[in-house]
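Worksheet: the structure to be examined is printed underneath.
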Amino acid sequence: MAETSPDPVPSARALLKERDYLYFWVSRWTGSFAAQIQSVAMGWQMYAIARLTRSVQESAFLVGMIGLAAFIPVFLLTLPAGETADRHDRKKVLLFCFAGEIATVLTLAVATWQGWASVPLLLVVGFLFGSARAFFAPANTALGPMLVPRVLLPRAIAWNSLAWQTASIIGPAAGGFLVARSTSYAYFTAFGLYLVSALAVVLIRKSGQPVVNPGSRWALMKEGLAYVWRQKIVFGAISLDLFAVLLGGATALLPVFARDILHVGAEGFGILRSGPAIGATVVALSLAANPIRQKAGLFMFGGVAMFGLATCVFALSHLLWLSVAALAVLGGADMLSVYVRQTLVQLVTPDPMRGRVAAVSSVFIGASNELGEFESGVVARFLGPVGAALFGGIGALIVTGVWAGLFPALRKADRLE
């Protein structure tokens, strides 16, 4: 008997008919653009202020401290944030989060303009920004699937990633261009983009109110944790992201590489920050046009392994073009693994659980990004920036092999439908 081919996935044109999803996409794009500019500006400003009185290693450590400051509230607020997204209107939660992000970036803009920005202020703002992002991630992740039919979900996830990645190409380059002239301009630009993103959420007509399960807040939070633990594919996928990117956080050291290793300045820093997003966007476009249909687990593990190899190349490079190329490969490999992970997690998670599962996932992602920055800063304090990046790349390769053995069901995961 001849094998039957999988049912075709609806074309991207079907998404264009989903009006509310388009507003959601615009909000995601402009919000990501703003966050990238703010991130670039904060990292560069922290390093520039620190280098006035401190060594390269000490300044790199302080850049990593921004990541730790942003991670602490994400870790502490994860369970309440997930429960909030599963109990309250997800659109309203997003609007409160945007209000918090607007307050943080406006504070930095005024402080920089008036000349009283400092290391302590940047750390405090990083903590407040992390608090807003703790509630933003589960609400944003859980709202998207409510706006499209289930059959469109894999393609919508690819386009959601594309929104973030295309903004990540323009954002770092724009951020580098702006901080080279005035860091306050970068902050004011991010402020305007956050306003646009909030307006797009307001224009979404569909309700963002989830079906609320009965029970206390603590019972709902425990239910979410228990679900993630029982679903080994979900737990394996998000923990793989945690440990691989935690060790491979080379992008946190880009201000150090731009200024004191490659000697390319603020605009070169923007180019370096664009490198991962360029590769990720190429992969995201390919996935949006041709979603993965088979051998999803192998694709994910292959992506993480390539991520580690590219990190090692970047660590050893002293040429701008080679560094950008390595970062592009790194970003493309990360996009591949993230796409598989997000699709697997969202497809197997029922809607009433999505906020809590997204919250647990977001703390893993937050740990991999913010704690990865902190880890890179700490290791750079002792091994130097090159040693720290190389250490992270090798660590990501080791994690790939270990997780492939620990989670055979994840390695054997096949279709994303």
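The values are calculated or read from the model by the stated rules, or taken from the named source; none is laboratory data. Everything numeric here is computed off the predicted structure, so don't read it as measured data. Cβ atoms come from the backbone with ideal geometry, glycine included; neighbour counts cover every protein chain shown. Please note that ligands, DNA and RNA were not included when accessible areas were found on the heavy atoms of the full protein model with its side chains. Shrake-Rupley method; radii C 1.70, N 1.55, O 1.52, S 1.80 Å.
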Query raised in the report: Under a plain spin-label model, where a point goes 7 Å from the Cα along Cα-to-Cβ, how far apart in nm are LEU195 and ALA99?
Result: 1.7
Query raised in the report: Points 7 angstrom from Cα along the Cβ direction at SER182 and HIS318: gap in nanometres?
Result: 3.9
Query raised in the report: Can you list residues whose amide H is under 5 Å from GLN209's amide H, if they're 5+ apart or on another chain and H is modeled 1.01 Å from N?
Result: ARG90
Query raised in the report: Could you give me the ³J(HN,Hα) list for the stretch 137-142, computed from phi with Karplus coefficients 6.51, -1.76, 1.60 and θ = phi - 60°, whole Hz, x at Gly and Pro?
Result: 4, x, 5, 5, 5, 6
Report summary line: For ILE233, ILE102, the accessible-area ranking with a 1.4 Å probe, largest leading, is ILE233, ILE102
Report summary line: Expected vector for the stretch 172-184, Karplus 3J(HN,Hα) from phi with 6.51, -1.76, 1.60 and θ = phi - 60°, integer Hz, x for Gly and Pro, equals x, 5, 5, x, x, 4, 6, 5, 5, 9, 6, 5, 5
Requested in this report: Give me the distance in nm between label points sitting 7 Å out from Cα along the Cα-to-Cβ direction at GLU267 and ASN290, one decimal.
Outcome: 3.8
Requested in this report: Write out the chymotrypsin sites (Phe, Trp or Tyr not before Pro) in the stretch 71-136 meeting two conditions: DSSP loop, and at most 12 other Cβ atoms within 10 Å of their Cβ.
Outcome: TRP116
**Report entry** Solvent-accessible ranking of THR107, THR166, THR281, THR53, largest area first, probe 1.4 Å
**Finding:** THR53, THR107, THR166, THR281
Query raised in the report: Ordering ARG205, ARG293 from largest to smallest accessible area (1.4 angstrom probe), what's the sequence?
Result: ARG205, ARG293
Query raised in the report: Once the whole set of protein chains is in place, how much accessible area is left on ARG54, using a 1.4 Å probe, in Å² to the nearest 10?
Result: 90
Query raised in the report: Between PHE382 and LEU52, what FRET efficiency follows from the Cβ-Cβ distance if R0 is 25 Å, with the result rounded to 0.05?
Result: 0.65
Report summary line: With the charge dipole of the stretch 1-121 built from beta-carbon charges (+1 for Lys and Arg, -1 for Asp and Glu) about the Cα centre, the Cα from VAL56, THR112, ALA81 projecting farthest to the positive end belongs to THR112
